[in-house]
Amino acid sequence: MINAPHLILIGLMGSGKSSVGKICAQQLGRSFIDTDDVIATNNNAPITELFSILGESVFRDQEQAVVAQVCSSESSLVIACGGGAVLDRRSRDIVKSSGTVVWLQASPDELQRRIKDPTTRPLLAGGQPSKILTDLADIRNPIYQSTADFCIDTQSLTATEVAAAVIKEYAPCPA
Ligand code: S3P
């Protein structure tokens with residue numbers, strides 16, 4: 001059940017959800033929550049280590065619970081979801097009924113350029129980041145598209161410019 005309409009950012013790793021989310025939160029006068037940060041705090045360990053400590057399946061279960069918990073907040077938030085969060089049908093249903101969902105999109109090459117250090121992302125470990133990001137985009141982009149209320153092409157924009165584009169589109173439809 002929706003308690004407050006949130007602004008929820010989804011998209012692949014490197015799409016700018018955290019940096020854009022912080023700027024949007026500041027401009028909207030809201031708190032910002034990153035689901036990865038909540039999971040890391042709950043486990044007292046960084047995301048980079050959690051896939052190997054917990055295994056991906058347990059990580060995903062925790063991620064689903066965190067999405068549900070954060071979206072049930074009574075105050076309106078700006079929420080950045082981990083890149084894989086909306087692969088879970090329950091999380092998709094929750095975010096869609098909890099506010100406005102925005103997909104931040106960029107090409108795999110641009111995502112790789114922004115990530116810089118692939119060791120910060122467990123899914124990029126041990127493989128070729130450009131291929132992994134391309135494969136993830138092929139699988140996930142249709143899911144992001146069907147979950148989002150609108151998409152921002154972030155390819156050639158700074159985080160500040162993306163935040164401005166999000167807020168411009170979001171302002172008329174915050175509920
Ligand atoms: C993941 C994205 C990461 C983090 C974890 C898994 C994914 O979050 O949740 O490494 O499955 O795409 P960011 O999208 O914030 O990097």
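State whether the residues of segment 143-160 include one that is away from the ligand (no atom under 15 Å from the Cβ), over 15 Å from residue 5 (Cα atoms) and aliphatic (A, V, I, L, M). Yes: one or more hits. Being in contact (Cβ under 8 Å) with a residue 24 or more places away in the chain, under 14 Å from residue 84 (Cβ atoms) and among the polar types (S, T, N, Q) narrows it down to one of 64, 27, so name that one. Only one candidate passes the filter, namely 64.
The residues of segment 5-28 that are β-branched (Val, Ile, Thr) and either within 10 Å of the ligand (Cβ to nearest atom) or crowded, with 23+ Cβ neighbours inside 10 Å (or both), listed by number, are 8, 10, 20. The test for being within 22 Å of residue 5 (Cα to Cα) and either among the charged types (D, E, K, R) or within 13 Å of the ligand (Cβ to nearest atom) (or both) does not hold for residue 133.
What's the number of the condition residue 75 fails, among (1) assigned to a helix (DSSP H, G or I); (2) of a type in the set (Ser, Thr, Tyr); (3) over 13 Å from the mean Cα position of the chain (by Cα)? Evaluating residue 75 over (1) assigned to a helix (DSSP H, G or I); (2) of a type in the set (Ser, Thr, Tyr); (3) over 13 Å from the mean Cα position of the chain (by Cα) leaves (1) as the failure. Going by the conditions given, is residue 109 away from the ligand (no atom under 12 Å from the Cβ) and more than 22 Å from residue 41 (Cβ to Cβ)? Criteria met by residue 109. Counting only residues that are surrounded by 21 or more Cβ atoms within 10 Å (Cβ to Cβ) and either out of contact with any Gly (no Cβ under 9 Å at 6 or more places or on another chain) or assigned to a helix (DSSP H, G or I) (or both), segment 93-111 holds 6 of them. In segment 29-67, of all residues being outside any helix (DSSP H, G or I) and over 23 Å from residue 102 (Cα atoms), the one that is nearest to the ligand (Cβ to nearest atom) corresponds to 46. Considering (1) of a type outside the set (A, V, I, L, M, F, W, C); (2) over 19 Å from residue 147 (Cα atoms); (3) within 13 Å of the ligand (Cβ to nearest atom), the lone condition that residue 75 does not fulfil carries the number (3).
Within segment 113-124, one or more residues are within 29 Å of residue 53 (Cβ to Cβ) and of a type in the set (S, T, N, Q). Of the residues making up segment 92-133, those that are closer than 17 Å to residue 146 by Cα and either touching an Asp or Glu at 6+ places or on another chain (Cβ under 8 Å) or of a type in the set (Ser, Thr, Tyr) (or both) are 97, 98, 100, 101, 102, 105, 106.
Any read-out appearing in this document is the output of simple, stated calculations on the displayed coordinates, not a laboratory observation. Bear in mind the structure is a predicted one, so any value in this text is a computation, not a measurement. Glycine also receives a Cβ, built like all others from the backbone with ideal geometry; neighbour counts cover every protein chain displayed.
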